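Inspection log for the structure reproduced underneath, given as structure tokens.
Taken together, the values in this text are just the output of simple stated rules run on the coordinates, not laboratory data. These numbers were taken from a predicted model, which means no experiment stands behind them. When we count neighbours, we look across all protein chains shown, and the Cβ atoms used for this are built from the backbone with ideal geometry, even at glycine.
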Amino acid sequence: MSDMHWKTGITRVAPNEVAVRGYPVDELIGKISFSQAIYLVLKGEMPSTEVGRLIDAILVSSVDHGAGPPSVLAARTVASTGSELNASIAAGILAISRFHGGAIEEGMRLFNRIAALMSERDMRMEEAVGEVLEEMRQVKKRASGFGHRLHTQDPRTARLFALAAELGLSGRHVAIARAVEQALAEQLGKPLPINVDGAIAALLCGLDFPPEIGNAFFIIARTAGLTAHIHEEKTRMRPMRKIHPTDFAYDGPEGEKDE
């Protein structure tokens, strides 16, 4: 055997065969959702229908957030130069980091830290939250996943938590997130509501995903939105235009709201 031989436990490919985590892909086609497939490839096990629905909701919640975020501006700027789709998408993805889309991973670490304190030291939730937030205050570190530059109450948060409750997937990490929200309001003297990243972080913790891949859910979801913006830039706008970060207006369809 070659010294360069190595192994992977994700996908097996052979003549006339493709199997992800042991499941033949041709047998999965039409039987599971894309969200369930994402869970399968990341976790190595087939999720329940309920978990698949929650993952689907997480992806829908982050599919796009307008033309102003840095990732969209980066993608549109590169697209305006005539670059190919893959380069434009890559530019948008590279703009996703700590302050834009990166709060999911940091939020997961925060909630897991509090949960660990509760288990290891038999602490009440409020005590663990207070201790962790005080540690963060001492080093002037902000709590990721709370507050929003636009929304005073992120509508996506409420819907995600409601769906998780409906599906029986609202675990203690959601309760921890709520406790942090309350503690921050008391500490700051003003509300700092959980935003969509914080909500996703709490739900992914409950599904036992490692924080290191938490931001992947934002990236996977936002790739669709970036593709739409790139296509619009190439087909509607003139090349090499100066793209103002805030001076734009929506003129698309109004759509329909649920009764």
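Figures for the structure shown
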| quantity | calculated |
| --- | --- |
| Relative contact order for the chain, counting Cα pairs under 8 Å that sit 6 or more residues apart, in percent | 25 percent |
| Compactness of segment 103-213, expressed as Rg and Dmax over alpha-carbon positions, Å | 13.0, 38 |
| At most 12 other Cβ within 10 Å, DSSP loop - trypsin sites (Lys or Arg not before Pro), segment 1-103 | LYS7, LYS31, ARG98 |
| Cα-based Rg of segment 189-259 normalised by 2.2 N^0.38 Å, two decimals | 1.58 |
| Globularity ratio of segment 32-119, using Cα Rg and 2.2 N^0.38 Å | 1.39 |
| Cut-off of 10 Å, at most 14 other beta carbons, DSSP loop: longest stretch of the chain lacking such chymotrypsin sites (Phe, Trp or Tyr not before Pro) | 100-247 |
| Segment 103-213, relative contact order in percent, only Cα pairs under 8 angstrom and at least six apart counted | 41 percent |
| Unsatisfied cross-links (Cα-Cα over 28 Å) in the set LYS31/LYS234; LYS7/LYS141; LYS141/LYS190 | LYS31/LYS234; LYS7/LYS141 |
| Sequence of ARG142, ARG124 once ranked by neighbouring C-beta atoms within 10 Å, starting from the fewest | ARG124, ARG142 |
| Expected 222 nm ellipticity per residue - DSSP helices of 4 or more, -39500 (n - 2.57), all of the chain, to 500 | -17500 deg cm²/dmol |
| Between segment 151-189 and segment 1-64, the alpha-carbon center distance in angstrom | 29 Å |
